[in-house]
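Before any comments, here is the structure.
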Amino acid sequence: MRKQERPCRCPTCRNSPRLGTDQASGCLTGTSGRRRPPPRRSSPAAPSRSSTSAGCLTHGPRKRSSRTSEMPVSTGVSFRFSTCNLEHGQYPFLFVVTVVILCGKSKKILRFQTDSTCFRYGVSHRTHCLQLVNHGVPDEVLQDVKRDITEFFNLPLEAKKAHAQVPGGLEGYGQAFVFSETQKLDWADMIYLMISPREERDPRFWPARPPSFTGSVDRYAAETARVAASLLRSMAADLGVAPERLSEAFRGLPQSMRTTYYPPCRQASDVLGLSPHTDATGLALLLHVNDVQGLQIRKDGRWLAVDPLPGAFVVTVGDILEILSNGRYRSIEHRAVVHPDKDRISAAVFHQPCPDTTIGPLPELVKKDSGGARYKSMEYMDFMKSFFAAKLDGRRSHMDALRI
């Protein structure tokens, strides 16, 4: 007699018996540990040819194809796909690669293996968008920083304005990307802080309330730096270069953080919380402070909504990694929309090169590419000048001017 598979015991499946017994794919956290066979096409329970329904974190969605959503990768890592949609269903679905890292004594190394996953599933470039779970950041650290960020934005306006931006500066409380008095401002407030190196901090912009704010951010930044360092080593391995090659451009791992509050707007379709842009950094880790959706990424001319997974980091590649990888990774154009009835809060930690770093395609990748270098090499500070010049000119991206 065939041994009956036991249902998955992950929290999402326990809350949804139908998903818990889904036979479409195996489950990394399930008790069987084996991939289950896909349902037969003739099965009454199989989805119709045009249907796609959301699944749990580890099972992913039930797809119209009989192919399982799990891809075989290196030991300790599994790729999953989850659907993304905004609450009212007005945006298309996006299949987001979800990387699951098993943390613990084994210290497994994350491998992207994007040639066999992203391309196979129709994602046009490496790491189009990742949601990173089981990243090892303690839940206490996440909850503390979420609490203190929320408390800061709940302060009276005058208390927040005590840390206001100064003309020509980025740090402090105010609006993102304010370059002229005539531009249309985003429907959001934010506070931007330099985190590391510590000597670059300006204490004027660091909130004194709540009193635990600085400590919470410091602990959170230390954890995200560890995650980012692991990701950079893994991406280097995926590119076929020495593990330290990407990290060399980010020596010391300089960090900054932008926490953003998006108030509700009754005319939500007429405003943007954050205008379309790519990040002029290397790697960004975005944490959803509350569960309200709003992040969208651009794919094939369409804006696709990202549905946040509980406790996950949304990992996006910035312009610097696009250049270093000679275009093998592509920076992601993204924006934020607002909700008509709910406020939204997010926190993004950016990892950028040192100011004196020369940014250019890695020579070993240029040798592998028949077309040679696809981007100009330049000092990082010159790169940032071109970024801000594009903003002043109203251009959405400055990368076209850097391509050869």
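The values are calculated or read from the model by the stated rules, or taken from the named source; none is laboratory data. Everything quoted here is computed from the prediction, not taken from an experiment. When we count neighbours, we look across all protein chains shown, and the Cβ atoms used for this are built from the backbone with ideal geometry, even at glycine.
A few points about this structure:
- Some residue of the range 184-194 being buried (at least 20 other Cβ atoms within 10 Å of the Cβ), among the acidic types (Asp, Glu) and either modelled with pLDDT of 95 or more or touching a helix residue (DSSP H, G or I) at 6+ places or on another chain (Cβ under 6 Å) (or both): no
- Those residues of the range 360-389 which are crowded, with 21+ Cβ neighbours inside 10 Å and over 20 Å from PRO276 (Cβ atoms), in sequence order: PRO361, LEU362
- For ARG226: the one exception among (1) buried (at least 16 other Cβ atoms within 10 Å of the Cβ); (2) touching a residue at least 60 places away in the same chain (Cβ under 8 Å): (1)
- Screening the range 346-357 for residues that are in contact with a Ser or Thr (Cβ under 6 Å, 6 or more places away or on another chain) and over 12 Å from GLN255 (Cα atoms) and picking the one that is surrounded by the most Cβ atoms within 10 Å (Cβ to Cβ) gives SER346.
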